[in-house]
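Each value in this text was obtained by applying a stated rule to the coordinates, not by laboratory testing. Predicted, not measured: the structure shown is a model, and the values here were computed from it. No Cβ is skipped: glycine too gets one built from the backbone with ideal geometry, and neighbour counts run over all protein chains shown.
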Amino acid sequence: MRYLPLSDADRQDMLARIGVADVDALFSDVPADKLLKAPVDLPRAKGELEVERILARMSARNVAASSVPFFVGAGAYKHHVPATVDHLIQRSEFLTSYTPYQPEIAQGTLQYLFEFQTQVSALTGMEVANASMYDGSTGTGEAVLMAHRVTKRNKAVLSGGLHPHYADVVRTLSEMANDEVVTLAPDVAATEDILAQIDDQTSCVVVQSPDFFGNLRDLKPIAAKAHAHGALLIAVFTEVVALGAVTPPGEQDADIVVGEGQSIGNALNFGGPYVGLFAAKSKYIRQMPGRLCGETVDASGQRGFVLTLSTREQHIRRDKATSNICTNSGLCVLAFTIHMTLLGQAGFTRLAEVNHANAVALADALAGVKGVSVLNQSFFNEFTVKLPRPAAEIVEALAAKGILAGVPVSRLLPGAGLDDLLLVASTEINTNEDRAAFVAALAEELA
């Protein structure tokens with residue numbers, strides 16, 4: 001039996017107080033076509049055993065990423081995660097831990113967050129990193145808000161190579177704040193003139209590298225133009241393994257670096273939970289969202305860890321908070337930190353080299369299939385191919401043959417006229433046999 005503590009009169013009083021006519025008005029920002037018009041078509045009641053069987057049949061229709069040749073990327077990547085990672089994060093002191101409101105009590109938690117921040121700073125080439133965001137997309141949105149606070153401006157310029165989901169998050173947050181967002185058209189060939197969009201009203205320029213289409217971008221001239229106009233450069237990545245091979249954004253004079261850390265230590269997990277990486281120049285440290293752990297010594301001179309900054313609404317006045325993200329992705333951070341520690345600097349670099357080599361081998365092989373063109377001049381472990389037919393059709397056909405061939409660009413950019421483009425990712429998990437099977441199946445489908 002449902003417990004409804006409010007009467008109709010209570011609800012009317014609440015609606016009148018906030019100035020709306022009915023409950024539906026509270027959902028006015030949700031697109032009408034996304035709202036349910038009727039209850040979900042489910043049976044009123046089923047026994048537990050029946051429900052288990054129904055869900056098992058539904059689950060059996062999925063194709064597990066580890067069961068077939070897998071070339072899907074577009075922001076979430078299949079990598080090998082050592083068994084040690086899962087073993088350690090499932091220890092009770094990690095799995096159930098949460099930093100309390102007297103954070104220094106949780107020395108173990110603070111220590112691995114400190115180590116994580118150190119790793120992220122080294123990877124990105126930045127001076128300071130926080131203790132994580134929810135994921136890369138929300139981190140990007142927070143980076144734009146941070147740039148607005150630093151520059152006292154409210155105009156963001158988004159590259160056409162930025163992941164569409166990341167751009168959507170930025171636009172959603174900006175709409176609520178009445179900020180201006182200039183979004184360039186999808187940039188398959190990385191030839192956009194983003195420099196022309198930067199002016200004295202620009203707060204920040206958001207550029208992804210490797211970008212959504214796999215292209216590597218030179219950030220230095222963009223940083224120079226942005227700084228000449230008093231704006232900040234926000235460098236974004238969705239594949240953190242790329243930082244083992246490419247010039248770090250910090251060495252290209254980025255002001256804020258943000259991206260997705262899922263590739264290290266974290267499985268695909270049906271899209272989450274993931275871990276957002278966030279780093280910046282130290283002069284902007286007090287404007288960073290989230291929280292930051294530091295190292296110190298206690299009263300006895302022993303090494304200790306503290307929650308140095310936590311400018312979020314639970315700790316300070318709400319209007320002074322830098323973020324509405326209330327916590328860090330602690331367990332995912334720990335998985336990232338363990339995996340990075342196991343790899344070490346040499347291992348991480350070697351992992352990046354293997355990823356790139358596998359992708360180059362696959363690109364060369366696909367380019368030999370009649371009707372297929374590889375569009376990238378440069379890439380890390382993901383690239384875009386042009387097909388003679390809609391990519392979505394071909395992906396479905398190959399999936400029926402037991403090969404997950406990639407992500408159709410039209411899935412993430414519908415209506416952009418890019419139906420014949422396919423994003424293909426190849427990581428260290430792909431073998432010569434996987435690549436041969438993909439190429440053979442594609443050639444057969446296009447014959």
Over all directions, what mean area does the Cα convex hull of the chain project, stated in square nanometres?
26.4
Within the under-15-Å Cβ sphere about Ser174, not counting Ser174, Lys/Arg +1 and Asp/Glu -1 give a net charge of -2
Cα extents of the stretch 351-420 along the three principal axes, largest first, in whole Å?
34, 28, 24
Find the percent of Cα-Cα distances in the stretch 100-200 that exceed 24 Å, and round it to a whole number.
40
Relative to the present Cα-Cα distance, how much length would full extension add between Thr431 and Val30 at 0.36 nm per residue of separation?
140.0 nm
Packing-based order for 204-216, 153-165, using average beta carbon neighbours within 10 Å, highest first:
204-216, 153-165
For the charge dipole of the chain, defined by +1 on Lys and Arg C-beta atoms and -1 on Asp and Glu C-beta atoms about the Cα centroid, which residue among Phe71, Ser137, Thr427 has the Cα displaced farthest towards the positive pole?
Ser137
Cα centroid distance between the stretch 44-59 and the stretch 67-96, in Å?
28
Does the stretch 83-340 come out rounded, prolate or oblate by the C-alpha gyration tensor, with a ≥ b ≥ c the root eigenvalues, rounded set by a/c under 1.5 and, if not, prolate when a/b is larger than b/c and oblate if not?
prolate
Relative contact order computed over the chain (Cα-Cα under 8 Å; 6+ residues apart), in percent:
20
Eligible lysines near Lys386 by straight Cα distance, threshold 19 Å, same-chain separation 8 or greater:
Lys370
Count neighbours as other Cβ atoms within 10 Å of each site's Cβ, and list the trypsin sites (Lys or Arg not before Pro) in the stretch 1-86 that are DSSP loop with at most 15 such neighbours.
Arg2, Lys37, Arg44, Lys46, Arg61
For the chain, what proportion of DSSP beta bridges, expressed in % and rounded to the nearest 5, is antiparallel?
55
State the extension gain, in nm to one decimal, for the chain segment bounded by Asn269 and Glu393, taking 0.36 nm per residue of separation less the distance between their alpha-carbons.
42.1 nm
Let me know the Rg and Dmax you get for the stretch 280-415 when you use only its Cα atoms, in Å.
23.3, 72
With label points built 7 Å along Cα→Cβ from the Cα atoms of Lys46 and Asp200, find their separation and express it in nm.
6.5
With labels modelled as points extended 7 Å from the Cα through the Cβ direction, what inter-label distance (nm, one decimal) is found for Asp13 paired with Gln345?
6.6
Of Val30, Val20, Thr84, whose Cα points farthest to the positive end of the dipole of the chain (charges on the beta-carbon: +1 Lys, Arg; -1 Asp, Glu; origin at the Cα centre)?
Val20
Can you tell me which of Leu362, Leu173, Leu113 moves the most in a GNM of the chain? Springs connect C-alpha atoms under 10 Å apart.
Leu173
Determine the gain in length on full extension of the stretch Ile105-Asp193; use 0.36 nm per residue of separation and subtract their C-alpha separation, reporting nm with one decimal.
26.5 nm
List the trypsin sites (Lys or Arg not before Pro) within the stretch 316-423 that DSSP assigns to loop and that have no more than 13 neighbouring Cβ atoms inside 10 Å.
Arg317, Lys370
Suppose each label sits 7 Å from its Cα in the direction of the beta carbon; what would the Ala228-Ala361 distance come out to in nanometres?
4.4
Long-range amide H partners of Val128, meaning residues 5 or more apart or on another chain whose placed amide H is closer than 5 Å, are Ala280, Ser282
Mind jotting down a quarter of the surface of the convex hull over the alpha carbons of the stretch 26-160, in square nanometres, one decimal?
16.2
Net charge of neighbours whose Cβ lies under 12 Å from the Cβ of His165, counting Lys and Arg as +1 and Asp and Glu as -1
-1
Between the stretch 387-424 and the stretch 333-378, what is the C-alpha centre distance in whole Å?
21
Identify which of Ala400, Ala143, Ala335 has the largest mean-square fluctuation in a Gaussian network model of the chain, with springs joining Cα atoms closer than 10 Å.
Ala400
The stretch 219-280 versus the stretch 1-38: alpha-carbon centroid distance in Å:
40
How long is the stretch 195-244 along each principal axis, judged by its Cα atoms, biggest number first, in Å?
34, 17, 15
So what is the calculated 222 nm ellipticity per residue for the chain, using -39500 (n - 2.57) for each DSSP H run with n of 4 or more, over all residues, to the nearest 500 deg cm²/dmol?
-11500 deg cm²/dmol
Setting aside same-chain residues fewer than 8 positions from Lys225, which aspartates and glutamates have a Cα under 20 Å from its Cα?
Glu180, Asp187, Glu192, Asp193, Asp199, Asp200, Asp211, Glu251, Asp253, Asp255
